[in-house]
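Peer 1: The structure that follows is given in the form of structure tokens.
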Amino acid sequence: MNRPRMHDGQVRTDAGLVRRLLAEQFPEWEQLPITPVASFGTDHDVYRLGESLAVRLPIVAWATAQAPKEALWLPRLAPLLPLQVPAYVGQGKPGHEYPFAWSVVEWLPGEDAVNADLDMARAARDLAAFVIALRAAATDGAPPRPQGARGSPLADLDAGLRDALDRLGDRIDTAAVERVWDEALQADAHLGPDVWVHGDLLPGNLLVQDRRLTGVIDFGGLNVGDPACDLQPAWALFDEKSRHVYREALGVDQASWLRGRGWSVCQAVMALPYYWHTNPGIVRQSWRALAALGVPT
């Protein structure tokens, strides 16, 4: 797939590679049509395979941990969740000079929420129901959360955010970002038990059909931690009215809301200098979230 190089060590893929990998490892699917899926995702190339399957190929080494985690945990979580999530049907191996393990998943219908026509108030309630169900799932056996991963204490991300601000310089209103961030750092810490968090509930990972949310994809950030992490769509997706609906449906207290604002501003700010020249979709998404947080753009 021909798109800009975003990462050191990034590999390129194309439909021909997918065909060769399938012919060698999954010959039952090798004759199905292969169609690249356009997105501004950052760590996988995706190809639709026929009508009901998709091939997902990591494009950088650090993304290779996602498929094993999803393949282990999503079958356990899926029956508990009110929206569709990916189902794994095949695990591929490196081959034909492609260096990483890869996967075949069921194709989930719909379009992502980036440009979809969406009933925002209903989506806020539906996504809140998904988050509540995910938080309620048992965390027995969950893997340890790496420092700074989704759901971590915000203090673990402080150095990274301030480094991103330094790299952005006068391209961003540093004082406005710091006001949001400092409020989040000063908010009361999460004192309850760690819960499952998706960690990346951004518009590109939410599927829409007939103006309704129907699915959630990309569980690479799945961890156990502070539930405030999954408040991100309040600013990344929802408008002012539906943001209030989302908060009310989740029963969010003020401290959690402030930490959620911190997660949203942190992810947006850290994405900007990294993807400034290589992923305009991520840049637009980041500016949108920052504007909703009150940062001039």
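The values are calculated or read from the model by the stated rules, or taken from the named source; none is laboratory data. Given the structure is predicted, the values throughout are model-derived calculations rather than measurements. Glycine gets a Cβ as well: all are built from the backbone with ideal geometry, and neighbour counts include every protein chain shown. Calculation scope for accessible area: heavy atoms of the full protein, side chains included, ligands and nucleic acids excluded. Shrake-Rupley method; radii C 1.70, N 1.55, O 1.52, S 1.80 Å.
Peer 1: (1) under 22 Å from residue 196 (Cβ atoms); (2) aliphatic (A, V, I, L, M); (3) in contact with a helix residue (DSSP H, G or I) (Cβ under 7 Å, 6 or more places away or on another chain): which one isn't true of residue 120, the others all being true?
Peer 2: Here residue 120 clears every test but (1).
Peer 1: Just checking, how many residues over the stretch 92-114 are of a type in the set (Gly, Ala, Ser) and open to solvent by 50 Å² or more (accessible area, probe 1.4 Å)?
Peer 2: So the count comes out to 1.
Condition check ((1) at pLDDT below 95; (2) assigned to a strand (DSSP E or B); (3) open to solvent by 70 Å² or more (accessible area, probe 1.4 Å); (4) within 24 Å of residue 131 (Cβ to Cβ)) across all residues:
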position	(1), (2), (3), (4)
45	no, yes, no, no
64	no, no, no, no
70	no, no, no, yes
73	no, no, no, yes
82	no, no, yes, yes
90	no, yes, no, no
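Peer 1: Would you confirm, using the coordinates I've provided, whether residue 19 is free of Cβ contacts under 8 Å to residues at least 60 places away in the same chain, open to solvent by 70 Å² or more (accessible area, probe 1.4 Å) and among the basic types (Lys, Arg)?
Peer 2: For residue 19, the condition - free of Cβ contacts under 8 Å to residues at least 60 places away in the same chain, open to solvent by 70 Å² or more (accessible area, probe 1.4 Å) and among the basic types (Lys, Arg) - is met.
Peer 1: Tell me the strands (runs of 3 or more DSSP E) entirely within the stretch 187-276 that contain at least 1 residues that are farther than 23 Å from residue 287 by Cβ, in contact (Cβ under 8 Å) with a residue 12 or more places away in the chain and open to solvent by less than 10 Å² (accessible area, probe 1.4 Å).
Peer 2: 195-197, 212-216, 223-225
Peer 1: Working carefully through the options 182, 117, find the one that is in a loop (DSSP other than H, G, I, E, B) and open to solvent by 30 Å² or more (accessible area, probe 1.4 Å).
Peer 2: Just a single option satisfies the conditions, and that option is 117.
Peer 1: Scan the stretch 137-167 residue by residue and report those that are of a type in the set (Asp, Glu) and open to solvent by 70 Å² or more (accessible area, probe 1.4 Å).
Peer 2: 140, 163, 166
Peer 1: Which condition number in (1) outside any loop (DSSP other than H, G, I, E, B); (2) touching a Phe, Trp or Tyr at 6+ places or on another chain (Cβ under 9 Å); (3) closer than 16 Å to residue 103 by Cβ is the one that residue 13 fails?
Peer 2: Evaluating residue 13 over (1) outside any loop (DSSP other than H, G, I, E, B); (2) touching a Phe, Trp or Tyr at 6+ places or on another chain (Cβ under 9 Å); (3) closer than 16 Å to residue 103 by Cβ leaves (1) as the failure.
Peer 1: For the stretch 120-136: of the residues being open to solvent by 10 Å² or more (accessible area, probe 1.4 Å) and among the aliphatic types (A, V, I, L, M), which is farthest from residue 34 (Cα to Cα)?
Peer 2: 136
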